[in-house]
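Below is one structure, written out as structure tokens, with a few remarks after it.
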Amino acid sequence: MSVVRWLEMLALALFAYRLTGSAFVVAMLTMLRMLPMSLFGALIGAAADRADRRRALVLVVATPIVVTLALAILASLDAIAVWHLFVASFVSGIAWASDQPVRRMMIGDAVGAERVGSALAIDAATNNASRVLGPMLSGVLLAEYGIAAVFWSSLALYASALVAALRVGLRRRSPDAGHASFIASIREGLAWLRGNGRLTGVFVMTVIFNVFGWPALSMVPVISTDHLGLGPKGVGFLASSDGLGGLIGALLVGTLARAAWYGRIFVGGVGLYLLMLMLFACAPVVPAAAAALFLAGASNAGFAVMQSTLVYRGAPVAMRARLLGLVSVCIGTAPIGFLYLGLLVEVLTPRAATIALAAQGLLAMLLARRYWLGTLRL
């Protein structure tokens, strides 16, 4: 699933940019992939309390298969349009919105609270390995065989993921599943969160990361093409630097991190990530851009691992799925950042817009320090 995600995100961005020449369209594609998190994240978290999670996981994998098959057929007939990519991005985003309260919750249930940090570090490492493989595969497929090959390859990967999901045996549900309505479940989660100042910082920092940090990655294909003069293969290899950094960062976190460091790794990861994005946009040559993306990926890994770990460890058992659903809602604020970045790109250059967005993220961190200072002690 992760390989397909990063493969398609880069391929769709390059293909759409080639069709339209619009950096705004590129930003909107990723925005639509993130939008379902804000729209449905809380509902999915409440539903995860009631659902047989194995069946939910199978549904999460099966949903984008239908859309990818349609895209593969349209691309093979040379009938694909940009609006088809918009729809596909949104539907794939629905599956992505389920990741926190379904799949990551299942990981925590399987290993327990004491080992969840290491387990999620392994999960982040596999995800970041896919961020190496996905963009590289995307660039090669798009350059050598065209967009249809991207979708047929995605379909094959989805099929293998569906087989894996069907073989999962874990079916555990939360002990109080089904006793409250969806709305009441969400309200209970929000009420508990308001009374826990330290954990509130996790959600505030997640919003900052996803509004001011994550959207800037959508400019990697644009900056790599226009400023660094790379073709699809070169863009794919450069974009994989982020995943390689994330892979190594996640392995280091899983191997060396102690529980007392979790809050510091989380907050520090956001700050370093924003700084590296600014350096990437300023980079005059490909090696410097690759180094900045590598360090951005490493810091992103620390943030991503601790985001779910801190919530899982800090929340009561009955609240975990709901609060992880709220994490998805916070991740779902990214469309605000993508829309804002798209407007900045229209006024400034893609490089200047990326720098401005990340710099404002650092300012937001400074203004929100009263929330994340408590998180440092988690």
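The values are calculated or read from the model by the stated rules, or taken from the named source; none is laboratory data. Just so you know, these numbers come straight off a predicted model, no measurement behind them. Cβ: placed from backbone, ideal geometry, glycine included. Neighbour counts: every protein chain shown.
Counting only residues that are over 14 Å from Val207 (Cβ atoms) and surrounded by fewer than 22 Cβ atoms within 10 Å (Cβ to Cβ), the range 322-341 holds 1 of them. Taken over the range 137-152, the residue count meeting the criterion of being within 11 Å of Pro232 (Cβ to Cβ) and either of a type in the set (A, V, I, L, M) or within 22 Å of the chain's Cα centre (by Cα) (or both) is 8.
Contact map, the range 274-302: residues that are within 13 Å of Ala358 (Cβ to Cβ) paired with residues that are in a helix (DSSP H, G or I) and of a type in the set (Val, Ile, Thr), Cβ distance under 7 Å, separation 6+ or inter-chain. Pairs shown: Leu277/Thr354; Met278/Ile355; Ala281/Ile223; Ala281/Thr354; Ala281/Ile355; Cys282/Ile355. Of all the criteria given as (1) surrounded by 16 or more Cβ atoms within 10 Å (Cβ to Cβ); (2) closer than 26 Å to Arg18 by Cα; (3) touching a residue at least 12 places away in the same chain (Cβ under 8 Å), the one not satisfied by Leu74 is (3).
Name the residue, out of Ala27, Ala51, Ala42, that is under 24 Å from Ile331 (Cα atoms), at pLDDT below 80 and not in a helix (DSSP H, G or I).
Values: Ala27 fails: not in a helix (DSSP H, G or I); Ala42 fails: not in a helix (DSSP H, G or I).
Of Ala27, Ala51, Ala42, the one residue that is under 24 Å from Ile331 (Cα atoms), at pLDDT below 80 and not in a helix (DSSP H, G or I) is Ala51.
Inside the range 313-351, can you point out the residues that are farther than 14 Å from Val211 by Cβ, of a type outside the set (A, V, I, L, M) and over 18 Å from the mean Cα position of the chain (by Cα)? Within the range 313-351, Arg313, Gly314, Pro316, Arg320, Arg322, Glu346, Thr349, Pro350, Arg351 qualify. Those helices (runs of 4 or more DSSP H) of the range 283-352 in which 1 or more residues are of a type in the set (S, T, N, Q) and at pLDDT 90 or above occupy 286-314.
Kindly establish whether Arg33 is part of a helix (DSSP H, G or I), modelled with pLDDT of 75 or more and within 27 Å of Leu193 (Cβ to Cβ).
Numbers: part of a helix (DSSP H, G or I): yes; modelled with pLDDT of 75 or more: yes; within 27 Å of Leu193 (Cβ to Cβ): yes.
Yes: the conditions hold for Arg33.
Can you spot a residue in the range 333-347 that is in contact with a Leu (Cβ under 8 Å, 6 or more places away or on another chain) and more than 19 Å from Ala13 (Cα to Cα)? So far as the range 333-347 goes, no, none of its residues is in contact with a Leu (Cβ under 8 Å, 6 or more places away or on another chain) and more than 19 Å from Ala13 (Cα to Cα). Looking only at residues in the range 13-23 that are surrounded by 15 or more Cβ atoms within 10 Å (Cβ to Cβ) and under 15 Å from Asp226 (Cβ atoms), the one that is farthest from the chain's Cα centre (by Cα) is Ser22. Comparison of Val91, Val111 shows that the only residue that is in contact with a Pro (Cβ under 7 Å, 6 or more places away or on another chain), more than 22 Å from Arg18 (Cβ to Cβ) and among the β-branched types (Val, Ile, Thr) is Val91.
Among residues that are farther than 25 Å from Val347 by Cβ and modelled with pLDDT of 85 or more, Val66 is included. Across the range 244-263, the number of residues qualifying as crowded, with 19+ Cβ neighbours inside 10 Å and out of contact with any Phe, Trp or Tyr (no Cβ under 7 Å at 6 or more places or on another chain) comes to 9. Among the residues of the range 350-378, those that are over 24 Å from Ala260 (Cα atoms) and either in contact with a helix residue (DSSP H, G or I) (Cβ under 6 Å, 6 or more places away or on another chain) or buried (at least 17 other Cβ atoms within 10 Å of the Cβ) (or both) comprise Pro350, Arg351, Ala353, Thr354, Ile355, Ala356, Leu357, Ala358, Gln360, Gly361, Leu362, Ala364.
Taking Ala239 as the residue in question, decide whether it is out of contact with any Pro (no Cβ under 9 Å at 6 or more places or on another chain) and either within 25 Å of Leu348 (Cα to Cα) or crowded, with 24+ Cβ neighbours inside 10 Å (or both).
Numbers: out of contact with any Pro (no Cβ under 9 Å at 6 or more places or on another chain): no; either within 25 Å of Leu348 (Cα to Cα) or crowded, with 24+ Cβ neighbours inside 10 Å (or both): yes.
Answer is no for this residue.
Table: residues versus (1) touching a Ser or Thr at 6+ places or on another chain (Cβ under 8 Å); (2) in a helix (DSSP H, G or I); (3) closer than 29 Å to Leu19 by Cβ.
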position: Leu190; (1), (2), (3): no, yes, no
position: Val202; (1), (2), (3): yes, yes, no
position: Asn210; (1), (2), (3): yes, yes, yes
position: Gly229; (1), (2), (3): no, no, yes
position: Gly246; (1), (2), (3): no, yes, no
position: Gly249; (1), (2), (3): yes, yes, no
position: Thr255; (1), (2), (3): no, yes, no
position: Val270; (1), (2), (3): yes, yes, no
position: Met278; (1), (2), (3): yes, yes, no
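Under the condition of being farther than 14 Å from Ser2 by Cα and among the basic types (Lys, Arg), which residue from the range 125-178 is modelled with the lowest pLDDT? Step by step, filter the range 125-178, then rank; the result is Arg173.
Go through the range 196-211 and give me each residue that's of a type in the set (S, T, N, Q), closer than 17 Å to Ala358 by Cβ and either surrounded by fewer than 20 Cβ atoms within 10 Å (Cβ to Cβ) or touching a Phe, Trp or Tyr at 6+ places or on another chain (Cβ under 9 Å) (or both).
Taking the range 196-211 and keeping what is of a type in the set (S, T, N, Q), we get 196, 200, 206, 210.
Subsequent filtering for residues that are closer than 17 Å to Ala358 by Cβ retains 206, 210.
Within the range 196-211, Thr206 is the sole residue that qualifies.
Checking the structure you have, find out if any residue of the range 179-187 is over 30 Å from Leu252 (Cβ atoms), buried (at least 17 other Cβ atoms within 10 Å of the Cβ) and at pLDDT below 85. Please lay out each step first, then the result.
Initially, the range 179-187 is screened for residues over 30 Å from Leu252 (Cβ atoms), giving 179-187.
Those left that are additionally buried (at least 17 other Cβ atoms within 10 Å of the Cβ): 185-186.
Now drop any that are not at pLDDT below 85, which leaves 185-186.
Yes.
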